[in-house]
Amino acid sequence: MSVQPAAPPEELQRKDFITPNDVRWCPGCGDYAILNSLQRTLPDLGIAREDYCIISGIGCSSRFPYYMQTYGFHTIHGRAPSVATGVKVANPDLSVWIITGDGDGLSIGGNHTLHLLRRNLDVNVLLFNNRIYGLTKGQYSPTSPEGTRTKTTPSGSIDHPVNPLLFALGAEATFIARTVDNNPKHMVETFKAAHAHKGVSFVEIFQNCVIFNDGAFDDVYSKTTREEQLLKLEAGKPLTWGKDNEKGIRLNGLHPEIVNVAEIDSSELVVHDPNQESPIQAQMLANLTYPDFPTPIGVFRQIERPVYEEQVADQIKAAQEAKGTGTWQELLHGKSTWTVEG
Amino acid sequence: MSSSTSAFQEKKAAVVRFAGDSGDGMQVVGERFSDTSVTVPNSIATFPDYPAEIRAPIGTIAGVSAFQVHFGAQTVLTPGDEPDALVAMNPAALAVHLDDLAEAGLLIVNNASFTEDNLKMAKFESNPLDDPELRKKYEVLDIDISGLAVEALKDSELSMKDKLRTKNFFALGFTYWVYGRPLDPTINFINDKWGKKLPAVADANIKVLKAGYFLGETTEITRNRYMISRAEVAPGIYRKISGNEALALGLIAGARKSGRELTFSGYPITPASSVLEALAGYKHFGVKTVQAEDEIAAIGVALGASFAGGIGVTATSGPGMCLKSEFMGLACITELPLIIMDIQRGGPSTGLPTKTEQSDLLQALYGRHGESPIPVVAPNSPSDCFRAAYDAMRIALAYNTPVILLSDGYIANGSEPWNIPSEESLPDISRPLAKEGDPYLPYKRDPETFARTQAIPGQYGLEHRLGGLEKDEMGAISYDPSNHQEMTRLRAAKVEAIAKSNPELIIRGNKTGKLLVIGWGGTHGAIASAVDGLHNEGFDNITSVNLRHLNPMPTELGALIKGFDKVLVPELNTGQLAMIIRSKFLVDAKSMNKVQGRPFKVTEIQERILEVLKD
């Protein structure tokens, strides 16, 4: 296909990232809003369009690359992290975005996600969590709550679900965030923060599947519930929410408890600090779930650690400084040869 | 038998096998013997045979490790059918290897290790050294190797344990005496290895090596010494190389010549791990290695690197091939360059992980979902692995396709002298990427090769999406029935077109005759030796070929087969190539099969050839 050459990075606009292909998600799917938000994010990052690479696995969300006017690779189920690792190792200058889902990234590809996170490649992982298998028409997923009734679980699922953020924390991801598909502004903010982080960025996105799991997140993020149920994390600010920020969280020993802000000394409130080395606060936040607690969104954790592909390059550089860049003679002859005269 | 002590019997070739406990250092001395022999020069081939367990209990049959070297004054293509001399460092080694020893062969035994406990572990009911039959059948030299080694070190400060560890060099020194080999190369090796860090160890090993040699010289323990004189070896600069080392070098050379950056990703598996280990030592050549979390990720990393403009390679063995097969399908439909190396071993499942077999041929050719043709290249000797890896890269880049390289444990671990090619003799295998500014159709094909042109992330204005869904020429997803049929045809036609670019088949013998022997991969040495031997005996109606390219098959093979009355296909499986030859060429090909974890013997191939000729 002939591509309309892109504008220079500083002049890129959303339209530069839209492909002529028809978007084939179901009408009303949360994926549209996420696509829209990423297309709004990328022009603002100061990166040339040809330096973006979108890599996905299999599933509804993984059709994403076909709708982005960038380089893209729609790979196989669960394996996008490995392909992205190869891409990033081969060319560390690319901005790589992995698009995955709860089944793709946490079930069939759980192992690869774990290793991508612990290695700390400088890539961004957007995990669309709709708590269902959509593309295969509605089987329960590893994030479906216990008791979920689907075609494969007519009596209700008995699997305990995986919490994507606790998984990422366990793998010691250096950037962990959550956002929601019905808040484009928050998505764009979160994507920009993910991009700005040097190292792996893991972003869970609550994404509504309008066909097979409609309303899965309504208890926490609908127009009527979000004020009381969503806790927006902001670095340096106390954990408060509610119509007038009247509710807060303090720690009782190691256990969080909900308090009425008016009734306590404000110093008792937990102040959000995503940059602390200890994962304990992030762990506590990732454990806050409906209905006992509000559901946090925003950046849970952001720490520094050496980046994998940079270390690959550094080791090569160090070896070349010590030994030179290698000659044909050295390669072919090795350490010990003998000559047979003619 | 001559009665003079130092007279040498002249022999054309000899086979020596060192066998002992896996902690006895048999691989080390086997390597030393080989390295010394190439300086003569002799033509050599070696075969290490080590247990699957890292350290099986000392003295047990499971813990026996061996190294065989075949060295000759004439060209040697295999590690030899049966040893002329066997060094057995303990009863278990004797139990495992005695049956292989040639009639009237030389048996050198460390009798110090024939204790009651060790005999029991080797399942001997009585001491076999006391059996007069043994001495009738073989020339037995039972030597207190341990005791003499310790005795040679009576002035050394080393601990008793460390003194005993030198006994392998005593055995080596004695074997050098038997075959009249120089000590200097080994002394230099010892000094290089331990001289600086552990001078006492270096000193002790040299002393013991010499003590072993002098034992022969001074005690007249045996009257038989053997001389294998200089081989007529093609002039050139040589090094000794194992198959897996040669694969690593071939990849680096290919990457350099093609201008692609090599990214190799593997997951530890025997017998493929040493390719990753070797490449990890070539960082200064710009080689990037990734030890992946599993076999699937390893090929995924490699494919990602190729997509990004490098050349991705992965290596594994049979079970790992199964795990990689889904990704091979993706590489096939996205038409990206990629090399998958399968170092075959005994299967199925964990099978015989350290032993050789050729049983992944059908898997390599057909073991995938969908219609997914992939070229298959099979090196035929340790040093040929260099060319095969280089050739695999040529095909991958020229045709934008995954390529499977089928090696096996036998040539991976075996080593032989390699007449080092010059850089200039390596063909240019670089391929241009799509041009920035030109319109880009991801699946537009070259009319001759049917290959598409690759554009890579970072190239301005060539943004496109690849993926597992069927595409049309424009690169757009297409569910159109006729498009799928056409793309399926084109992918197959592309692989078939490779045949034109492959090297010609090397035919050993006349182009017509009574019997054509068709082999592939690592059985080349045994088949060629068998056929050469029969040619020397006047059987000029037998011809053999070794298929280095299994997909596509050499174009001339069909016509060649027609020139013979019979076809025999020896292979280390239960008849996989034979099945393909039968179905592809409608010929009543006979099979010769072996699945014992061991390579063919030359003699057994000759016997089978004569049998087929008679039928």
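The values are calculated or read from the model by the stated rules, or taken from the named source; none is laboratory data. Quantities reported herein were computed from a predicted structural model and do not represent experimental measurements. Here the Cβ positions follow ideal geometry from the backbone for every residue, glycine too, while neighbour counts run over all protein chains shown.
Is it true that some residue in region B:202-221 is in a loop (DSSP other than H, G, I, E, B), surrounded by 15 or more Cβ atoms within 10 Å (Cβ to Cβ) and not β-branched (Val, Ile, Thr)?
no
How many residues, within region B:39-68, are modelled with pLDDT under 90 and not in a loop (DSSP other than H, G, I, E, B)?
Of all residues in region B:39-68, those modelled with pLDDT under 90 come to B:39-41, B:47-58.
Of the ones still in play, those that are also not in a loop (DSSP other than H, G, I, E, B) are B:47-49.
Summing the residues that are modelled with pLDDT under 90 and not in a loop (DSSP other than H, G, I, E, B) in region B:39-68 gives 3.
Only residues that are over 44 Å from the mean Cα position of the chain (by Cα) and part of a helix (DSSP H, G or I): list them for region A:331-341, please. Can you show your working first?
Here is the first cut: in region A:331-341, the ones over 44 Å from the mean Cα position of the chain (by Cα) are A:332-341.
Hits for region A:331-341 are A:LEU332, A:HIS333.
Give the number of residues within region A:72-104 that are at negative phi and either charged (D, E, K, R) or part of a loop (DSSP other than H, G, I, E, B) (or both).
Residues that pass the stated criteria total 11.
Within region A:60-71, can one find any residue that is within 24 Å of B:GLY329 (Cα to Cα) and part of a loop (DSSP other than H, G, I, E, B)?
yes
Among the helices (runs of 4 or more DSSP H) lying completely within region B:108-164, list those that include at least 1 residues that are under 15 Å from B:ASP24 (Cα atoms) and in contact with a helix residue (DSSP H, G or I) (Cβ under 7 Å, 6 or more places away or on another chain).
Values: elements: B:116-121, B:132-137, B:145-152, B:160-164.
The helices (runs of 4 or more DSSP H) meeting that bar are B:116-121, B:145-152, B:160-164.
Inspect region A:296-305 for any residue being in a helix (DSSP H, G or I) and not acidic (Asp, Glu) and give the result as yes or no.
No, region A:296-305 contains no residue that is in a helix (DSSP H, G or I) and not acidic (Asp, Glu).
Write out, first by first residue and then by second, each pair whose Cβ atoms fall under 7 Å of each other, whose residues are 6+ apart or on separate chains, and whose first residue, in region B:395-411, is acidic (Asp, Glu) while the second is buried (at least 24 other Cβ atoms within 10 Å of the Cβ) and not in a helix (DSSP H, G or I).
Short answer, once both residue conditions are applied: B:ASP408/B:ILE343; B:ASP408/B:GLN344; B:ASP408/B:THR356; B:ASP408/B:GLU357; B:ASP408/B:GLN358.
What's the total number of residues in region A:46-56 that are within 10 Å of another protein chain (Cβ to nearest Cβ) and touching a Ser or Thr at 6+ places or on another chain (Cβ under 7 Å)?
7
Between B:GLY329, B:GLY304, B:GLY309, which is at the interface with chain A (Cβ under 10 Å from one of its Cβ atoms), modelled with pLDDT of 95 or more and assigned to a loop (DSSP other than H, G, I, E, B)?
B:GLY309
Condition check ((1) closer than 21 Å to B:LEU462 by Cβ; (2) free of Cβ contacts under 8 Å to residues at least 12 places away in the same chain; (3) in contact with a His (Cβ under 6 Å, 6 or more places away or on another chain); (4) not assigned by TED's automatic domain parsing to the domain that holds A:ASN213) across all residues:
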| position | (1), (2), (3), (4) |
| --- | --- |
| A:ILE18 | yes, no, no, no |
| A:ARG24 | no, no, no, no |
| A:CYS29 | no, no, no, no |
| A:GLN39 | yes, no, no, no |
| A:GLU50 | yes, no, no, no |
| A:ILE58 | no, no, yes, no |
| A:PRO65 | yes, no, yes, no |
| A:PHE73 | yes, no, no, no |
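Which of the residues that make up region B:563-615 are among the polar types (S, T, N, Q) and surrounded by fewer than 22 Cβ atoms within 10 Å (Cβ to Cβ)? Can you show your working first?
The first filter runs over region B:563-615 and keeps only residues among the polar types (S, T, N, Q), leaving B:573-574, B:576, B:583, B:591, B:593, B:596, B:603, B:606.
Within region B:563-615, B:ASN573, B:THR574, B:SER583, B:SER591, B:ASN593, B:GLN596, B:THR603, B:GLN606 meet the criteria.
Would you say B:GLU277 is under 18 Å from the mean Cα position of the chain (by Cα) and not assigned by TED's automatic domain parsing to the domain that holds B:ALA578?
yes
Any residue at all in region A:318-327 that's more than 12 Å from every other protein chain (Cβ to nearest Cβ) and in a loop (DSSP other than H, G, I, E, B)?
No.
If I go through region B:203-246 residue by residue, how many of them are within 14 Å of another protein chain (Cβ to nearest Cβ) and of a type in the set (Val, Ile, Thr)?
Of the residues in region B:203-246, 3 are within 14 Å of another protein chain (Cβ to nearest Cβ) and of a type in the set (Val, Ile, Thr).
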